[in-house]
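Step one of this worksheet: look at the structure below.
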Amino acid sequence: MRSAGTYLRGHWQLLAITAIVFALWSTPVVLPLKFLVVYFHELSHALMAILTGGSVESLSVNFQQGGEVWTRGGSRVLTLTAGYLGSLLIGVALLLVALRGRMDKLVLGGIGGVMLLTLLLYVRDIPALVICGLTGAALIAASRYFSAQICDLILRVIGLSSLIYVPYDIWDDTIRRSYLRSDARMLAEEIGGTTLMWGGLWFVISLCVIFWCLTRGLGRDSNLHFRTRG
């Protein structure tokens, strides 16, 4: 079994990123990351609706860190479930791509491209146009002009921010403020149960996914080693 010291040495960069994001959580500095995770949430709803035979009418993300998707057809149950858990899985996938893969620039640019495509197909309001347009363009520019290592670092920050934000959002929207008309409340109205039950289930699943990622997905050493020219 690995010691705490070994774990800290092997993953100190991820721990430092997490600490910095937490420290800046209530500041405007982290707002772009929050907007991006909210976008992942709404995108997950949209993708699940399409995958289950439905269609997407519109997608919106606003400056109050909220959003909505209007869909037609598809599985209502799976579409509602996909929001929180889908955005979490996107975050985990981006983090693992950064840690294990060599396609950081391609993936970062791909996220930006998807955001711009979403804007063209489904965005109908000014806040979402600004958020998706500016963020998508910035990610594409980063993938074009930044080094692979910097793109890797950006993906780590995005992935970790999703891991931080999703369980907090589930707790805040469906458990602490269960009276809100959240995904969990709408699911309870669709198939039964309570907002607390569905929110609690999603919260437990999110913690299990994060635990797996941190214990099984990181490997022995996740630190990013920057090359220097000699």
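Any read-out appearing in this document is the output of simple, stated calculations on the displayed coordinates, not a laboratory observation. Predicted model, so just to flag it, every value in this text is computed and none were measured.
Between the stretch 74-114 and the stretch 1-69, the C-alpha centres lie 10 angstrom from each other. Reported value for the chain: 140 Å³ per residue, from the convex hull of its C-alpha atoms. Summarising the amide proton neighbourhood of Glu57: residues at separation of 5 or more, or on other chains, whose placed amide H is nearer than 5 Å comprise Trp70, Thr71, Arg72. Seen against the Cα atoms of the chain and their longest principal axis, helix 31-51 is set at about 60 degrees.
Only Cα pairs under 8 Å and at least 6 apart count here; give the relative contact order of the stretch 102-207 as a rounded whole percent.
23 percent
Specify the angular offset, from 0 to 90 degrees and rounded to the nearest 10, of the alpha carbon long axis of helix 148-170 from the longest principal axis of the alpha carbons in the chain. Here the helix axis deviates by roughly 40 degrees.
Note on the stretch 64-127: Cα-Cα pairs beyond 12 Å make up 79% of the total pair count. Taking the chain as a Gaussian network of alpha-carbon nodes connected by springs under 10 Å, the highest mean-square fluctuation of the residues Ser206, Ser60, Ser147 belongs to Ser147. Applying the Karplus relation 6.51 cos²θ - 1.76 cosθ + 1.60 with θ = phi - 60° to the stretch 99-108 yields 3J(HN,Hα) values of 7, 10, x, 10, 10, 4, 5, 5, 5, 4 Hz, where x marks Gly and Pro.
Seen against the Cα atoms of the chain and their longest principal axis, helix 4-23 is set at about 50 degrees.
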